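Just so it is clear, none of the values below were taken in a lab; they were calculated from the coordinates. These numbers were taken from a predicted model, which means no experiment stands behind them. All Cβ positions, glycine included, derive from the backbone under ideal geometry; neighbour counts span all protein chains shown.
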Amino acid sequence: MSSAAHSHILARLVPQDALGGSLRVTTPIDGSLIGTVSLNTEAEIDQMLDRAQAAFKIWRDVPGPARGELIRIFGNRLRDRKEDLAQLVTLECGKIIEEGRGEVQEMIDICDFAVGLSRQLHGLTIASERPDHVMHENWLPLGPVGIISVFNFPVSVWAWYADLAIVCGDPVVWKPSEKTPLTALACQAIFDEACEEFGDAPAHLSQIIIGTAEQGEQMVNDSRLPLISATGSCRMGRIVGPKVAARFGRTLLELGGNNAVIVTPSADLDVAMPSIVFGAVGTAGQRCTSTRRVFVHRSIHDQVFDKMKMAILDIAKSKIGSPLDADTLVGPMIDGDAWTNMQAAIEAIKPHAEEIVGGERAAGPADAFYAEPCLVKLTDQPEPILTETFAPLTYVIPYDTLEEAMEMHNAVPQGLSSAIMTTDVREAEFFKRRSDCGIANVNIGTSGAEIGGAFGGEKETGGGRESGSDAWRAYMRRQTSTTYFGTDKPALAQGISFDA
Ligand code: UN1
């Protein structure tokens, strides 16, 4: 895409008055400047949180299905803007255009899900132990939700949070990554258009905070945001979790992963290999669900390693390049820090490695960081592997028994996504029971979850669940209500008599 094409897409998606300021936004494609924005001040954020509270007081009383209508309109607007927004996602975060389109599709999917959900925010009727009493569990809007997101899914992860929050009756205040503010401003503009068409939405139902960790910290410490939904590193979660807990707020944390695939002797390798390769190198290894570790039964370890090696060498030969080019499979890393971290991880694993493939800097513009995916053959699971490296870096490790594989699998601090490649139902069921992750797949890879299921993980991944299933409950407060509808004196619970 030429720079003229960049500016046309930006002009179509981002209002001019949202641009300008001291924060420089560059594209990882060639490191060039694509826009500037200004960081919000403390006073501006303070005002935004008051506005979010005011919006909540109106929005919480709008019926759920009417709130869903706004999201239906938003989803349709996204359909209209899908290609432009996908191009902007690719420009700003560097994922290949096919994945950029997939990301906008994920937003559309969660809109559809949220629209259906807006008619299903149901509680329970519970049998009371007392005559002429009835118990209900009600779900009520919670309040403004603070969203903190990262560069790698600059729009769809926000949509997971925001669409559910909005249908649940909660305004949203979003701090996107400082590396991807333009896509956020584009989403805000599309959302504003949807509000206009909807007609009845209060002002400031969705707001954007442009900022770094400092602005994030202000959100985290402010009790006008009863829920902080945050995606990021385990390090960030360790700061955010206790701060929100100290003010008795709630968090939904979706932190680091260290995801593994287990390849058993019964695996159909024609089924397994494409998923393993996509998990390892897709999105240049910058998904929280990317495949970091591959445990392969010793009897097929060399065979699987060689297949992965061939795939990676093939990619390195001709499939690394501009993410806007339809033939590219691996685009740039987000920035120089990401590249440095990848190199540090390769250095750390060198003393343990039997063989290392790739991992060199690939050809590209001087201010961009294109990396050859890196594959490391190991004999066991040494300490450096316990840390997540957000890069196309994958370790291949042999195992002898599935019990042993599961032990190594679970021996990392993170617990997001896992997969087994097998045609043996016993192995598959054993794996599902033993995997300590929030996601456990059979014969598909660790990345690329659909929105219908709950998304998130255990241990240092933070325990939050987003997106599908009943993740909506996190955006509402639960109320138990007992009603007496008799005409005598209401009975006390537990049969207590109290004749005053
Ligand atoms: C992330 O990397 O933060 O399952 C989210 C997946 C995507 C979401 C990834 N649907 O890979």
For this session: Sort all Cα-Cα distances of the stretch 387-500 into consecutive 10 angstrom bins from zero, then give the percent of pairs in each bin up to the one containing the longest distance.
Result: 11, 31, 23, 10, 10, 10, 5, 1
Exercise. Let a ≥ b ≥ c be the square roots of the eigenvalues of the Cα gyration tensor of the stretch 126-239; is it rounded (a/c under 1.5), or, if not, prolate (a/b larger than b/c) or oblate?
Worked result: oblate
Exercise. With a ≥ b ≥ c the root eigenvalues of the C-alpha gyration tensor of the stretch 80-192, is it rounded (a/c under 1.5), prolate (a/b larger than b/c) or oblate?
Worked result: prolate
Exercise. What is the distance, in nm, between label points placed 7 Å from the Cα along the Cα-to-Cβ direction at residue 458 and at residue 410?
Worked result: 0.7 nm
For this session: Can you tell me the 0 to 90 degree angle between the C-alpha axis of helix 42-59 and the longest principal axis of the chain, rounded to 10?
Result: 60 degrees
Seminar exercise, completed: Contour minus Cα-Cα span, residue 303 to residue 43, at 0.36 nm per residue, comes to 87.6 nm
Problem set entry | Viscosity 0.890 mPa s, temperature 25 °C, Stokes-Einstein D of the chain from Kirkwood C-alpha radius, µm²/s | 102 µm²/s
Problem set entry | Square roots of 5 times each gyration tensor eigenvalue, C-alpha, the stretch 223-273, largest first, Å | 39, 10, 8
Seminar exercise, completed: Descending packing, highest mean Cβ count within 10 Å first, for 214-226, 29-41, 485-497 is 214-226, 29-41, 485-497
Exercise. Roughly how many Å is it from the Cα centre of the stretch 273-342 to that of the stretch 167-230, as a whole number?
Worked result: 33 Å
Exercise. What list do you get for 233, 290 if you sort them by fewest beta carbons within 10 Å?
Worked result: 233, 290
Seminar exercise, completed: Ratio for the stretch 114-179, C-alpha Rg to 2.2 N^0.38 Å, reads 1.59
Exercise. What pairs from 175/243; 179/309; 95/432; 377/432; 179/350; 95/317 go past 28 Å between their alpha carbons?
Worked result: 179/309; 95/432; 179/350
For this session: Please give the FRET efficiency for residue 400 paired with residue 24, using the beta carbon to beta carbon distance and R0 = 60 Å, rounded to the nearest 0.05.
Result: 0.70
Seminar exercise, completed: Working note, the stretch 338-405: Cα radius of gyration (Å, one decimal) and Dmax (Å, whole number) are 13.4, 47
Seminar exercise, completed: Nearest 10, in degrees from 0 to 90: the angle of helix 269-281 to the longest Cα principal axis of the chain is 80 degrees
For this session: Give the cross-link partners of residue 57 among the aspartates and glutamates, using a straight C-alpha distance below 15 Å as the criterion and excluding same-chain residues fewer than 8 apart.
Result: 170, 200
For this session: For the stretch 259-442, count all C-alpha to C-alpha pairs, find those more than 26 Å apart, and express that count as a whole percent of the total.
Result: 26 percent
Seminar exercise, completed: Length gained if residue 270 through residue 54 is fully extended, taking 0.36 nm per residue and subtracting the Cα-Cα distance, is 72.2 nm
Problem set entry | Cα-based equivalent ellipsoid, the stretch 280-353: semi-axes from gyration tensor eigenvalues, Å | 23, 18, 11
For this session: Note the full-extension length gain between residue 213 and residue 386 as 0.36 nm times their separation in residues minus their Cα-Cα distance, in nm to one decimal.
Result: 59.8 nm
Exercise. Between the helical axis of 336-349 and the dominant principal axis of the chain, each derived from Cα atoms, what acute angle in degrees is found, rounded to the nearest 10?
Worked result: 60 degrees
Seminar exercise, completed: Loop-resident trypsin sites (Lys or Arg not before Pro) in the stretch 92-130 with no more than 14 other Cβ atoms inside 10 Å, DSSP not H/G/I/E/B, are 119
Exercise. If you wrap a convex hull around the C-alpha atoms of the stretch 1-79 and split its volume per residue, what is the figure in Å³?
Worked result: 137 Å³
